[in-house]
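A short worksheet on the structure shown next.
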Amino acid sequence: MSGSPGELVAELSAALTYRPQPALDEPRGRAPSPNLNGILSYARIGVMHRDLDRRVLMVNDHYCQLVGLTADEIDGRSMESLTHPDDWASSSHIFHTQLARAEPFHIEKRYVRPNGSSVWCAEDVSFLRDDQGRAISIITVAQDITARRAAEMEVRESEEHYRHTVELAPQISWTATPSGMVEEVSPRWAEATGTDPVAALGSGWIDRLHLDDVPLALAAWGKALVAGTAVDVEYRLQTVGGHYRWFRARATARRDEEGAIVRWYGTLEDIHDRWLAEEAVRESEERFRLAAQAAGLGVWDYDATRDRREWSRELKLMFGLGDDAPAELETALTLVIPEDRHLLLNLIQAADAGDGDHRFDATIRIRRADTDALRWMRTSGWRIQAPSGRLDRILVTVRDVTDERTAEERIRWTATHDALTELPNRGAFSDQLEMAISMAHAGDSALALVLFDVDHLKATNDTIGHDAGDLLLWTFARRLRETLPQGSMLGRLGGDEFAALVYDPDPDLVADQIAAALKSLHDPFTYDGHTLDCAATAGVAMFPAHGGAATDLLKAADIALYAGKANARGGLSIFRSEMRGDLQRRSSMLGLARVVAREDRIVPHYQPKISLADGRITGFEALLRWRHDTNGIQMPSTVAAAFDDYDLAMQLGERMLECLMRDMRSWLDRGVDFGSIAFNLSPAEFRHENLVPRIMGKLALAGIPPSCFELEVTETVFLGRSAGEVGQTLDAFHREGIRIALDDFGTGFASLTHLQAFPVDVIKIDRSFVGNLSEGSGNAAIVDAVVGLGQRLGMEVVAEGVETPEQAAYLLRQGCGYAQGYLFGKAMPADDAERLLRHPGGMRFEVPGQIGRS
């Protein structure tokens with residue numbers, strides 16, 4: 001059994017016949033015959049025969065040695081588990097491909113033994129087939145080829161080494177006699193120049209030089225021959241195609257024991273590409289210098305190879321230096337302000353060390369050498385390395401960015417300050433508050449936060465103009481800055497709200513200090529003939545007593561300010577814990593109002609308005625009431641805060657109007673003469689842009705004549721919008737036939753002005769003036785004046801709060817036409833009002849002194 005592994009497989013295949021698999025308990029894994037096993041092992045050939053289920057039918061000793069396993073250990077194992085991971089994919093692919101065809105194949109791969117070692121084997125694999133040609137078992141013949149593979153690898157490595165040596169040494173080598181006559185040139189001369197190397201011998205190589213470079217080359221050689229020094233010169237050689245390329249010629253002499261030159265050894269290196277690149281760099285640098293000059297950039301150039309620094313003329317001009325100033329680091333450091341010198345030193349050290357990126361940037365402040373002016377300089381630098389990684393060059397551009405920095409500072413200032421008062425805005429003040437609280441925490445110190453609300457700013461804007469309002473705010477900020485304790489931080493949070501931080505205040509003095517500041521704000525000043533003052537209300541919260549965080553402290557100060565505006569406008573309120581109750585009550589009111597509006601719980605009540613002349617009911621004032629599930633009918637005071645809230649006031653007003661329209665339509669349908677119904681508009685509701693079309697539309701939809709409807713407004717309405725808009729709205733109602741009544745007359749702001757400027761039909765005397773109407777009293781004088789004023793202006797006068805016959809008689813004697821009050825009836829539900837109107841005699845009330853009555 002000699003010959004190739006393939007022939008051996010064939011012989012084995014012929015010698016072996018297919019037989020059924022032995023039972024699992026039958027012994028397997030023994031060689032078919034001791035003689036064959038011995039022969040194969042002696043020949044160092046491993047053989048294994050197994051079925052498709054990986055059960056070993058035959059394996060010889062040498063195969064077991066190759067894989068480092070016994071026959072029983074091989075039994076059942078996959079070939080993949082024996083194969084080196086790097087060879088598994090290709091081995092598995094060819095095995096499964098040939099198995100499907102039942103065709104033999106040859107492969108070289110590595111076995112991995114249990115001890116971790118591997119062995120290269122040449123495998124010939126054949127398949128025993130059944131009658132249909134399908135593979136039923138596998139015969140593997142393996143030979144150790146590790147030594148051969150190692151030898152092949154060594155040969156390839158040697159070849160690769162030689163090839164790389166040749167490829168990486170592209171120079172043209174040559175030798176010359178002691179006198180400089182070339183006597184030998186490598187074959188690369190022919191590749192480079194296209195001429196026979198023999199033509200370069202002697203001094204023939206000079207014929208290939210560019211004429212402009214011949215003097216340079218001969219001078220370099222002549223110097224070397226005289227001094228015996230090395231040659232290093234660059235020149236152009238004519239190459240294939242007649243083109244010239246740059247070469248670098250280098251040579252050194254070999255001497256004998258006496259020092260005499262025996263022979264010159266040299267090389268020619270093609271440096272054309274490098275030379276072109278360097279030339280491109282030089283041209284680029286020149287363009288860069290020109291561009292930098294045009295862009296006003298100064299250039300700082302450091303040549304690390306020659307340890308030489310150069311400053312462009314533009315850079316020296318930026319520094320305020322003369323043309324003869326030395327381009328030294330010490331010169332630059334003397335100009336940089338002390339606080340920024342470390343920035344320049346750090347950059348230089350990083351560039352020298354090659355740390356981080358090749359590019360670096362920094363902005364440094366200098367003082368010009370000629371004017372000592374402070375200037376901002378933006379530096380951008382590049383670290384240029386040689387191919388070896390050695391620092392070759394550092395190139396820095398410098399630009400004066402002082403104007404840009406100034407603009408940036410202005411933008412930054414604008415983003416954090418209020419343009420009108422030049423105070424920090426809400427965002428900046430909040431940051432300052434956070435910082436102040438952190439410092440107070442660390443230093444165990446106190447802090448006072450004061451919120452100011454400028455009084456009557458809206459009225460000033462509406463009555464005099466926004467320019468006056470701006471002057472008021474500017475004056476307020478200036479005065480507050482002057483009167484607050486030194487070191488305080490002041491900010492404008494928006495609109496008419498300001499805030500101040502008083503650092504580490506004396507708890508016993510802070511209230512007096514803020515109160516004194518508020519008092520000083522009252523000093524009047526004039527604008528366009530108008531006298532103004534800076535009155536304000538203040539709320540104070542103390543850290544840490546009233547809050548340990550910025551949000552808590554702001555909330556406490558805001559609660560104190562809210563309480564001050566409600567109870568002590570123009571004064572100072574220091575936060576107290578019970579103030580939270582007031583805020584909670586307001587929040588509770590708003591919550592109730594939302595429920596009332598959402599669930600339609602409004603029940604209008606009607607208070608009769610009486611003609612004092614004959615006691616006849618001429619109409620009603622509709623008053624808001626709402627139904628509580630447990631407590632019954634509730635007064636509007638339980639949801640009073642809602643009338644200052646725009647959205648809620650609108651919702652409540654909408655529900656009230658719907659109820660009024662329903663009741664009036666019902667009375668009209670049943671023939672009940674109710675006169676007119678007066679409806680109160682809250683200031684918040686009055687600000688609605690579609691107020692007129694909304695109300696007139698509801699009247700039209702319900703089919704109610706405008707003469708049956710009357711609008712009552714208080715003088716606070718005039719402070720909520722500009723006078724022009726108020727007039728336009730009231731005029732629009734008046735043109736539609738709606739009567740306008742001015743409620744609570746005498747208790748508001750500039751009442752006489754309103755009577756003259758707006759279409760008022762009815763004046764309602766506030767109940768506070770009706771309480772004491774004895775002859776000669778102050779209330780009587782006011783009532784007399786208002787009644788007389790109404791008569792002169794042709795306006796109807798209604799007295800509210802009439803509770804006694806004496807009050808009614810006095811009003812009648814003075815000529816007051818109409819009255820409301822408990823004397824004639826409290827506010828009542830719609831059904832009771834209808835019964836009153838329908839009851840015999842219910843339309844008239846007895847008033848002492850009525851004309852024509854007994």
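Computed values, structure above
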{"read-out": "Calculated FRET efficiency for the pair ASP614/ARG569, C-beta based, R₀ 45 Å, to 0.05", "value": "0.50"}
{"read-out": "Extension gain from LEU343 to SER587, taking 0.36 nm per residue of separation minus the Cα-Cα distance", "value": "82.1 nm"}
{"read-out": "Listed residue (ALA557, THR526, MET664) projecting farthest to the positive dipole end of the chain, Cβ model", "value": "MET664"}
{"read-out": "Matching label, Cα extents along the principal axes in Å computed from the structure shown, candidates (1) 85, 73, 52; (2) 98, 64, 54; (3) 158, 101, 59", "value": "(3)"}
{"read-out": "Additional length obtainable on full extension of the chain from ASP761 to HIS161, 0.36 nm per residue less Cα span", "value": "204.4 nm"}
{"read-out": "Förster-model FRET efficiency, 25 Å R0, LYS223 and ARG282, C-beta, rounded to 0.05", "value": "0.40"}
{"read-out": "Virtual spin-label span in nm between MET635 and ALA702, 7 Å along Cα→Cβ", "value": "2.6 nm"}
{"read-out": "Contact order normalised by residue count of region 169-270, Cα under 8 Å, 6+ apart, percent", "value": "29 percent"}
{"read-out": "Percent RCO, i.e. relative contact order, over region 443-577, from Cα pairs under 8 Å lying at least 6 residues apart", "value": "31 percent"}
{"read-out": "Which of THR406, THR140, SER676, positive extreme of dipole for the chain (C-beta unit charges)", "value": "SER676"}
{"read-out": "Within region 58-122: Cβ-based charge dipole about Cα centre, in debye rounded to nearest 20 (Lys, Arg +1; Asp, Glu -1)", "value": "120 debye"}
{"read-out": "Total charge dipole magnitude, the chain, about the Cα centre, Cβ charges on Lys, Arg, Asp, Glu only, Debye to nearest 20", "value": "1700 debye"}
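Each value in this text was obtained by applying a stated rule to the coordinates, not by laboratory testing. No experiment lies behind these values; they were computed from the predicted model shown. Note that we place each Cβ from the backbone using ideal geometry, even for glycine, and neighbour counts take in every protein chain shown.
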